[in-house]
1. Among the charged types (D, E, K, R), under 27 Å from W219 (Cα atoms), in contact with a Gly (Cβ under 9 Å, 6 or more places away or on another chain) and modelled with pLDDT of 95 or more: which single residue out of K122, K177, K102 fits that description?
2. Assess whether L11 counts as being in a helix (DSSP H, G or I) and more than 16 Å from the chain's Cα centre (by Cα).
3. Out of region 44-85, which residues are of a type in the set (G, A, S) and under 20 Å from T16 (Cβ atoms)?
4. Quick check: is even one residue across region 169-179 over 21 Å from L15 (Cβ atoms) and of a type in the set (S, T, N, Q)?
5. T204 - would you say it is of a type in the set (V, I, T) and modelled with pLDDT under 85?
6. Conditions first: (1) modelled with pLDDT under 90; (2) farther than 24 Å from D134 by Cβ; (3) open to solvent by 70 Å² or more (accessible area, probe 1.4 Å); (4) not in a helix (DSSP H, G or I). S224 passes all but one, so which condition is the exception?
Amino acid sequence: MSKVVHDIKQLTAGLTPVEALTKLANLFPGKVIFSTSFGWEDQVISHMIFANKLPIKVFTLETGRLFPETYYVWNRTLEMYDANIHAYYPQAAAVEQMVSTKGPSSFYESVENRKECCGIRKLEPLKRALAGNDVWITGIRADQSANREDMHNVEWDEGNQLVKFHPIFEWNLDEVKEYIKVNNVPYNPLHDKGFPSIGCAPCTRAVQPGEDFRAGRWWWEDQSKKECGLHSTEAHEETFFEENKSN
């Protein structure tokens with residue numbers, strides 16, 4: 001699939017994010033999908049898609065453990081753009097079994113438990129969301145963490161068998177904030193309280209001055225591993241749920 005990645009890199013080189021998104025939507029009609037968690041970066045891309053009426057599907061993962069502020073910005077986005085954002089939920093039976101046998105906060109007890117929770121609440125719904133699509137749009141930026149500096153703006157996702165495209169990969173945080181300000185884009189108020197990266201409420205805290213961008217995510221774990229598996233470059237992370245769905 002390296003040729004597909006190469007071709008898309010060539011076709012989108014030198015284009016603005018909106019131009020690149022438009023080209024991909026035209027090249028893969030009905031097969032381009034964007035995942036939003038309603039953070040700064042995702043709100044920028046949502047604005048690009050909705051304000052320009054691009055034929056790109058938008059979805060979010062409703063884990064059941066989101067902050068109230070996330071629901072606020074979700075609703076504001078729907079109101080402002082008269083948009084359609086599809087919510088994918090975890091399988092109820094899997095959540096029931098995990099919580100019934102291990103309790104509601106098992107993810108604090110071990111990395112294995114945390115990955116199980118992410119697998120059930122995020123990875124399995126993500127598989128369903130991405131199925132049948134050719135291009136997955138994300139809000140990843142290179143300077144968000146050390147893990148992401150090794151990524152590229154166009155990649156092949158082996159686990160999900162599609163191309164990933166990060167339209168604002170080279171933007172810095174100041175550029176993201178300026179875009180939001182200029183375009184009056186709704187954003188999560190937690191960002192103003194020291195939360196640069198926002199996920200599930202039990203697994204996210206504010207960061208302190210000088211800390212890494214993603215230090216507030218799964219802060220009780222090894223600081224060098226700050227991914228839930230959605231965007232991991234490690235194959236075992238991408239396939240965690242499939243390998244453990246019978247457990």
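The values are calculated or read from the model by the stated rules, or taken from the named source; none is laboratory data. Treat the numbers as computed from the prediction; the structure is a model and nothing was measured. Virtual Cβ from ideal backbone geometry, glycine too; neighbours counted across all protein chains shown. Side chains included, ligands, DNA and RNA excluded: accessible areas come from the protein's heavy atoms. Shrake-Rupley method; radii C 1.70, N 1.55, O 1.52, S 1.80 Å.
1. Details: K177 fails: in contact with a Gly (Cβ under 9 Å, 6 or more places away or on another chain); K102 fails: in contact with a Gly (Cβ under 9 Å, 6 or more places away or on another chain).
Exactly one residue qualifies, and that residue is K122.
2. Working: in a helix (DSSP H, G or I): yes; more than 16 Å from the chain's Cα centre (by Cα): yes.
Considered against the rule, which asks whether it is in a helix (DSSP H, G or I) and more than 16 Å from the chain's Cα centre (by Cα), L11 comes out as yes.
3. Answer for region 44-85, where residues must be of a type in the set (G, A, S) and under 20 Å from T16 (Cβ atoms): S46, A51.
4. Taking region 169-179 as the starting set, the residues that turn out to be over 21 Å from L15 (Cβ atoms) are 173-174, 177.
Still in the list and also of a type in the set (S, T, N, Q): none.
Among the residues of region 169-179, not one is over 21 Å from L15 (Cβ atoms) and of a type in the set (S, T, N, Q), which makes the answer no.
5. Values: of a type in the set (V, I, T): yes; modelled with pLDDT under 85: no.
No: the conditions fail for T204.
6. All conditions are met except number (3).
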